[in-house]
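Reviewing the structure listed below.
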Amino acid sequence: MPTDPSLLSAPLKVNEIFFSVQGESSHAGRPCLFVRLTGCPLRCVWCDTEYAFYEGEDTTVGTVLERLRRWPCRLVEVTGGEPLAQKGVVPLMRALVDEGYEVMLETSGALPLDEVPPEVIKIVDVKCPGSGEAHRNRPEMFDRLSPLDEVKFVILDEADYRWAAEFCRERRVPERWTTLFSPVHGKLAPEVLAGWILRDGLPVRLQIQLHKYLWGAETRGV
């Protein structure tokens, strides 16, 4: 489907665009283009992208598409910050879908999902208490998820793990979507989280942030 020209002029503030290996979700390991948008209304205590709160370049959807076409890849993740905090993200996702990209959206789920194009794979990060932002979760977000979407929990400690496990049981999350349990890098050892999952027989996927093991936790643009 040709891209609607009206989408191309939509404004965006972009923190960075880069080509790397997908480090998270069930798509980990795949070559992927990343569009990181500026801004986030949340302040998770373990946030690893604080530089995206304010830093960024004012641009347009059309310019972003031009940059993405330089790389030999058809998988794109739109991330942040919180990408849904910008109105221009909807025209961006629509344009990417129209251009034939496979599109993923990494979102906190704290903002409405109503306008996300149905073709976009949503990775929704449910906030555990250890993040300091659990009160921002929107229960109605589950009404907007398709079987292709994924639900993620970032786990700080055993209290977070128990909270997430109960959340999953009450809402039958693993029965409906791929469910990811990810340890906070440098705070909870992956093998400890793996042990809890195995002990309790939870039908979830252990996720580590692959890019941090490949290039280091502080390296940007990977």
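None of the figures in this text is laboratory data; all of them are computed from the coordinates on show. Here the structure is a predicted model, which means the values were calculated and not measured. Virtual Cβ from ideal backbone geometry, glycine too; neighbours counted across all protein chains shown.
Using Cα atoms only, what is the angle between the long axis of helix 190-200 and the major principal axis of the chain, expressed in degrees (0 to 90) to the nearest 10? Here the helix axis deviates by roughly 60 degrees. Between GLU99 and ARG162, the simple spin-label model (points 7 angstrom out along Cα→Cβ) gives 4.8 nm. Magnitude of the charge dipole for region 1-65, about its Cα centre and with charges confined to Cβ atoms of Lys, Arg (+1) and Asp, Glu (-1), is about 140 debye. Relative to the longest principal axis of the Cα atoms of the chain, the long axis of helix 89-98 makes an angle of roughly 70 degrees.
In the neighborhood of SER25, defined by Cβ-to-Cβ distances under 12 Å, what is the net charge if each Lys or Arg adds +1 and each Asp or Glu adds -1? Intermediate results must be reported in sequence, preceding the final value.
Working: positive: ARG30, LYS122, LYS152, ARG205; negative: GLU24, GLU77, GLU106, ASP125, ASP149, GLU150.
Taking every other residue near SER25 into account, the sum is -2.
Computed from Cα positions, the angle between helix 158-171 and the longest principal axis of the chain comes to roughly 70 degrees. Restricting region 151-222 to trypsin sites (Lys or Arg not before Pro) that sit in a DSSP loop and have at most 11 other Cβ atoms within 10 Å of their own Cβ leaves ARG172.
Computed on region 5-215, with alpha-carbon pairs under 8 angstrom and 6+ residues apart, the relative contact order is 18 percent. Within the chain, all pairs of alpha-carbon atoms sorted by distance into 10 Å bins from zero give the percentages 8, 34, 38, 16, 3, 0. For the pair TRP46 and LYS187, the difference between a 0.36 nm per residue extended length and the Cα-Cα distance amounts to 49.9 nm. Rounded to whole numbers, the Karplus 3J(HN,Hα) couplings from phi for region 208-219 are 10, 7, 3, 4, 6, 7, 7, 10, x, 5, 9, 7 Hz, using 6.51 cos²θ - 1.76 cosθ + 1.60 with θ = phi - 60°, and x at Gly and Pro.
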